[in-house]
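Each remark here refers to the structure printed beneath this line.
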Amino acid sequence: MKAKAMEREERVSEEAYAYTPGLKVKRAMTITKTRRLPIPGEVFVKEGDKVNYHDIVARTEIPGDPEIVKVALLLGVEPEDLPRYMIKKVGDKVAKDEVIAAYNALFGLIKKRVPSPIDGIIESISDVTGQVIVRGLPVPVEVDAYIPGEVVEVLPREGAVIETNAAFIQGIFGIGGETHGEIKMAVKSPEEALTHDHIKVGDKGKVLIGGSMVTLEALRKAVEVGVSCIVVGGIKHRDVTTFIGEEIGVAITGHEEVGLTLIVTEGFGEMKMSRRTFDLLKSFEGYLAAVNGATQIRAGVMRPEIIIPHNEFFEQSSMEELSAGMVPGTPVRIIRQPYFGAIGKVVSLPVELQKIQTESDVRVLDVELEDGRVVTVPRANVEIIEE
Amino acid sequence: MVTLRKPKEEMRYILATDVGSTTTKARFFSNESGEWRFVIAGEAPTTVEAPYEDVTLGVRNAVREVEELTGHRILAPDGSGIVVPYDGKIGVDLYCTTSSAGGGLQMMVAGLIKTMTAESANRAALGAGAIVMDVIARDDGRQPYQKIQRIRSLRPDMILLAGGTDGGATAHVVEIAELIKAAGPKPRLGAGYQLPIVYAGNKALQPQIEKLMGSEFALTLVDNIRPVLEVENTEPARRAIHELFMEHVMSHAPGYTKLMKWTDVPIMPTPAGEGMAMQLIASVYKENVLGVGLGGATTNVYSVVDGRFVRSVSANLGMSYSVTNVMKSAGLPNIVRWLPFKIDEEEVANRLMNKMIRPTTIPQTLEDLIVEHAVAREALRLGLEHHKTIATRLKGIQVQRTISDMFEQELEETYIKMMIIDIIAGTGGLLSHAPRRIQSMFILTDAFQPEGVTKMFQDSVFMMPHLGVLSTVYREAAWNIFDKDCLVRLGTVIAPAGVGKLGDPVMTVELEMPDGEILKEEVKFGEIKRINLPERQDANAVITPQRGFDVGMGPGHKLEKKVMGGVAGVLLDGRGRPLQLPEDEGLRKELLVKWWQAIELYPMDELKELI
């Protein structure tokens, strides 16, 4: 136990001096996904079971919505007298429109009835407020496997951990939730923009790979056709805003219901998809992929992902692996103006602070770009391209 | 009551940390020659998330950096934590910490009437350093089922329930309590414990509330937040929130049980520490303070006006994670109006979106820096607007009106008037990292538009929360460090309120400088001047505004006042209040460049290349 804690601690201090690791683009790695219910329920799988995308792993029921009925007010009686007029008691099952309380006066000349607004159970009767709370019927909640693979752990009453061998690509930003489909290259090169002409009727259910960006018309046509997901390098701010119907305020996404999942790999504006990402996706054309656009940048960074299960490569690398940091030769991508999107290799990492154009003294590094130029950029403005 | 391990006069070393959502910041202080001073800072990534899930690892790493930089050992060799007190070789005499990791303190508040008890409850929760997720009230315009759905979807750390004056409303208050109980909210940090609820409503209802909620929630009963309509008493609720924060919230966050054992001083939410620091400034100077913490995700605004402390938090106004939300709330044209060069609005939008998804990047070009500064002005402006909706006079009280009030449209709700603010203090990454100090002074001036004579401060190294929590147990040490090493005196802004025509005279300012020299400056409308007056030096000023312009004594009336020097000097701002940028694009850009040139805001050669 203590040894484990020490090992953890060592890893932490190592990371303290490392730089922000880039997004993962891996040909083969072991992926594990924990599929968990929001509250305890029943788990349907056992260790060693093989599961597919749609298989239900666990199921539960969450308590229904409560409905507040102002019974005393409706009957015209004082709250403290309410219990006398209740036909149903706490714990009783009631059907919609079934009478739960009644008031008769003047030998039946005045009759008042209060029906239940929903199917449910009487949860409470208050003699202070004169309110009755009817609890609605439970709502079932299911969790599917999301990725095909093997159940490696069962979390009793909560869910299961699924493991698979797959290619794994992280995007920088996405919208829309979990889905899956067959990978199809919609463009010929990472520089090419994905326009509506590229989208065909036969693309229904596919994961379409674009190049430098996707146009608004293309997104709309993709929804019409029934495309599952679009993966591209960039998208214009104006287009994504129009497509979702509102400005994105903070980067917490995944719940949009816009008809497809969108994954952006580089950033906003027209941005050539990184050659590595493009080539990797191309080599898996025709494979089924599980994708998720959910993005959350603050607290527990969550990036959109493309998981392509396969059994062809077995080189192992762990998802928990920590970046070793930057050294001369490390491939990097510049992620801010004036060289945004440029790819290169670290040439040197000067120790001293340097004054940049803004007059700030910052730690910098020299990068040799693909075109041979050597430029100096703040260390905060590059990300490592993980090999 | 906190028991210190050593008498104050024998203390030599103090360590304070702030466990932030991304970085844990350690600050080390020492008393070498009878005076408490800041020594060094150490920082490390916060380790609240998987795979670490133990904040003390990040604290240890930050402290280790302090050890490496100073050679002074603080951590116990056996890994048991921080050694307290200092034994002559190792350790510190006092360790305290603030925390906002894992989302800080997230609360839901409820009251009877939106503008009365619910508003008071909101102020109490904010003042305690919480992020208020929602305010539920009987008249908030939502149907009961909508409120229930909302409460069910929230997972707060705590609920503050108010309602009714003492001996006042009863049934309606219980109704709100029944609604909360029916919704059955679950605590954010796991379902294994009871959700804490503080009841600060009608005292007569305490037994009924106890009966209704006592078995399902961790209920604490405190004095009414509005015992009578005319009085707001937030202190008992605030104290209960802090206690519950330690007992119920922090103890369920990863690693905090351990951290709580390391410190003798209760762990405080970061904004509460920052608020203490702002109150410290107000109490030492005995003046009204407007403070702001402009962060990456949120903007906190604090005011201390006539002794009344109010905090507001704009949870989604910030310079990195929330930068696009500033764009969404302010609108792109409002950001672009602060730029003197031609740039496509869509290009600005794309850049801000890219900053949001890569929040740790920094501007490399002057153009990019100026764009960020434009966003900062808007974030601050919106943050202050929001603050004004929280810092309001108590509603529900009959206000005596004079004949002259009758002619005014409506009695203004907020009591925050820039003319009565004597001090503006700023903190946060963008302000402290501004390459020239005049930039943070000018950004604050453009955004808050101080009126009259206003002292401007900012923090040197981020340590206001640290000193805030320290001030709760050792005020003298905290103030000395604050004064000497934390507060940077930017200078003073002299800005008459009023509007005129470009080029018309606005005021004359006569300054008797520390060396006896008399400087006389005439300021015209639309003009701005900067006078050098170093930090820790004062000048006697005689300010004579023109008719229609006011510096605090009424329109056209002279003011004699001592003005404080600073690293950015004294700014004579003749641009008028409210500050209006010309509609005409050409004139607007011309004026911006003229102002910037007059005060040497940016390197001019590079700026000219952009225009």
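Any read-out appearing in this document is the output of simple, stated calculations on the displayed coordinates, not a laboratory observation. As the structure is a computational prediction, the values presented were derived from the model and not from experiment. Every residue, glycine among them, receives a Cβ derived from its backbone with ideal geometry; neighbour counts consider all protein chains shown.
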Farthest toward the dipole's positive end in region B:104-259, which of B:Ala169, B:Leu105, B:Ala204, given Cβ charges of +1 (Lys, Arg) and -1 (Asp, Glu) about the Cα centre? B:Leu105
Provide the percentage of antiparallel DSSP beta bridges, counting only those with both residues in chain B; round to the nearest 5. 60
How far is the Cα center of region A:244-299 from the Cα center of region B:21-40, in Å? 44
Which residues' amide hydrogens lie under 5 Å from the amide hydrogen of A:Ala251, considering only partners 5 or more residues apart or on another chain, with H built in the peptide plane? A:Ile297
Explain nothing, just the number: dipole magnitude of region B:455-554 about its Cα centre with +1 on each Lys and Arg Cβ and -1 on each Asp and Glu Cβ, in debye rounded to the nearest 20. 300
Which distance in nm do the two modelled labels at A:Arg157 and B:Glu346 give, with both placed 7 Å along the Cα-to-Cβ direction? 5.6
The FRET efficiency for A:Glu370 and A:Asp197, from their Cβ-Cβ distance with R0 = 45 Å and rounded to 0.05, is 0.95
Using a cut-off of 25 Å between alpha-carbon atoms, which lysines can reach B:Lys524, once sequence neighbours fewer than 8 places away in the same chain are excluded? B:Lys417, B:Lys455, B:Lys501, B:Lys558, B:Lys561, B:Lys562, B:Lys589, B:Lys594, B:Lys608
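Could you pull out the trypsin sites (Lys or Arg not before Pro) across region B:220-324 that fall in loop regions by DSSP (anything but H, G, I, E, B) with no more than 11 other Cβ atoms inside 10 Å?
On the way: sites: B:Arg238, B:Arg239, B:Lys258, B:Lys261, B:Lys286, B:Arg308, B:Arg311; in loops: B:Lys286.
Filter output for region B:220-324: B:Lys286.
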Taking a crude spin-label model, label points 7 Å out from Cα along the C-beta direction, the B:Asp78 to A:Gln296 distance in nm is 3.9
Local charge sum around A:Glu246 (other residues, Cβ-Cβ under 11 Å, Lys/Arg +1, Asp/Glu -1)? -1
log10 I(q)/I(0), Debye, Cα-only region A:114-258, no solvent, q = 0.10, 0.12, 0.15 Å⁻¹? -0.57, -0.71, -0.88
With equal scatterers on the alpha carbons only and no solvent term, can you work out the Debye log10 of I(q)/I(0) for chain B at 0.05, 0.08, 0.09, 0.12 1/Å? -0.24, -0.62, -0.78, -1.31
For region A:107-120, Karplus couplings with θ = phi - 60° (6.51, -1.76, 1.60), whole Hz, Gly/Pro x: 6, x, 5, 9, 10, 10, 10, 10, x, 6, x, 9, 6, x
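When only DSSP loop residues count, what GluC sites (Glu not before Pro) in region B:446-538 have their Cβ near at most 13 other Cβ atoms within 10 Å? Display every interim value, and only then the final one.
On the way: sites: B:Glu451, B:Glu476, B:Glu510, B:Glu512, B:Glu517, B:Glu521, B:Glu522, B:Glu527, B:Glu535; in loops: B:Glu451, B:Glu517, B:Glu535.
Answer in residue order: B:Glu517.
Give me the inter-chain shielding for B:175-186: mean count of other chain Cβ atoms within 10 Å, whole number please. Present the calculation step by step, with values, prior to reporting the outcome.
Details: counts 7, 1, 3, 8, 5, 0, 5, 10, 2, 4, 0, 2.
Across the residues of B:175-186, the mean count of other-chain Cβ atoms within 10 Å is 4.
Could you tell me whether region A:172-303 comes out rounded, prolate or oblate from its Cα gyration tensor? Rule is a ≥ b ≥ c as square roots of the eigenvalues, rounded for a/c under 1.5, then prolate if a/b exceeds b/c, otherwise oblate. Don't jump to the answer; show the numbers that get you there.
Values: a/c = 1.34, a/b = 1.27, b/c = 1.05.
Judged from the Cα gyration tensor, region A:172-303 comes out rounded (a/c under 1.5).
At 0.36 nm per residue, and after removing the present C-alpha to C-alpha distance, how many nm does the segment from B:Lys8 to B:Thr365 gain when stretched out fully? Could the numbers behind the result be given before it?
Values: separation 357, 0.36 × 357 = 128.52 nm, distance 4.86 nm.
Net length gain for the segment: 123.7 nm.
What does the charge dipole of chain A about its Cα centre add up to, to the nearest 20 debye, if the Cβ of each Lys and Arg holds +1 and the Cβ of each Asp and Glu holds -1? Please report the intermediate quantities before stating the final value.
On the way: 46 positive and 59 negative charges, 107 e Å.
Rounded to the nearest 20 debye, it is 520 debye.
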Shape of region B:226-325 from its Cα gyration tensor (a ≥ b ≥ c, root eigenvalues): rounded if a/c is under 1.5, otherwise prolate when a/b > b/c, or oblate? oblate
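Do any trypsin sites (Lys or Arg not before Pro) in region B:106-162 lie in a loop, going by DSSP, with at most 15 other beta-carbon atoms within 10 Å of their beta carbon, and if so which? List each step's numbers first, then the result.
Working: sites: B:Lys114, B:Arg123, B:Arg138, B:Arg142, B:Lys147, B:Arg150, B:Arg152; in loops: B:Lys114, B:Arg138, B:Arg142.
In loop regions of region B:106-162 (DSSP not H, G, I, E or B), the sparsely surrounded trypsin sites (Lys or Arg not before Pro) are B:Arg142.
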Gyration tensor (alpha-carbon) shape descriptor, chain A, a/c threshold 1.5: prolate
With each label point set 7 Å from Cα along the Cα-Cβ vector, what nm distance links B:Leu610 and A:Arg113? 7.5
Among B:Gly576, B:Ala497, B:Met213, whose Cα sits farthest toward the positive end of the charge dipole of chain B (+1 at Cβ of Lys/Arg, -1 at Cβ of Asp/Glu, about the Cα centre)? B:Met213
For A:Glu67, other-chain or 5+-apart residues with amide H closer than 5 Å (H placed, Pro excluded) are A:Val134, A:Arg135, A:Gly136
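Net charge near B:Pro156: determine it from the other residues with C-beta under 13 Å of the C-beta of B:Pro156, scoring Lys and Arg +1 and Asp and Glu -1.
Computed value for this residue: +3.
Only Lys, Arg, Asp and Glu count, each charged at its Cβ (+1, +1, -1, -1), so figure out the dipole size of the protein assembly as shown about its Cα centre, rounded to 20 debye.
In debye, rounded to 20, the protein assembly as shown gives about 1240.
Using helices alone, I'd like the mean residue ellipticity at 222 nm for the protein assembly as shown: each DSSP H run of four-plus residues gives -39500 (n - 2.57), total over residue count, nearest 500.
Values: 25 runs with 251 residues, N = 998.
The helix contribution divided over the protein assembly as shown gives -7500 deg cm²/dmol.
Sort B:585-591, B:203-209, B:181-187 by packing, meaning the average of other beta carbons within 10 Å per residue, with the highest value first.
B:181-187, B:203-209, B:585-591
For region B:274-357, what percent of Cα pairs sit more than 20 Å apart?
On the way: 1655 of 3486 pairs.
That fraction is 47 percent.
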Could you please report the charge total around B:Glu378, scoring K, R as +1 and D, E as -1 over all other residues with beta-carbon less than 12 angstrom from its beta-carbon? +1
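For a Förster distance of 25 Å, can you work out the FRET efficiency between the beta-carbons of A:Leu349 and B:Glu68, rounded to the nearest 0.05?
Numbers: r = 20 Å, r/R0 = 0.79.
After rounding, the FRET efficiency stands at 0.80.
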Using alpha carbon centroids, what distance separates region B:205-280 and region A:64-111, in Å? 39
Bridge orientation stat for the protein assembly as shown from DSSP, antiparallel percent rounded to 5, came to 70
Quick one: if the Förster radius is 30 Å, what FRET efficiency do B:Arg393 and B:Arg142 give, using the C-beta to C-beta distance and rounding to 0.05? 0.70
Taking just the alpha carbons, could you work out the radius of gyration and Dmax for the protein assembly as shown, both in angstroms? 30.8, 101
Rounded to the nearest 5, what % of the DSSP beta bridges within region B:8-101 are antiparallel ones? 70
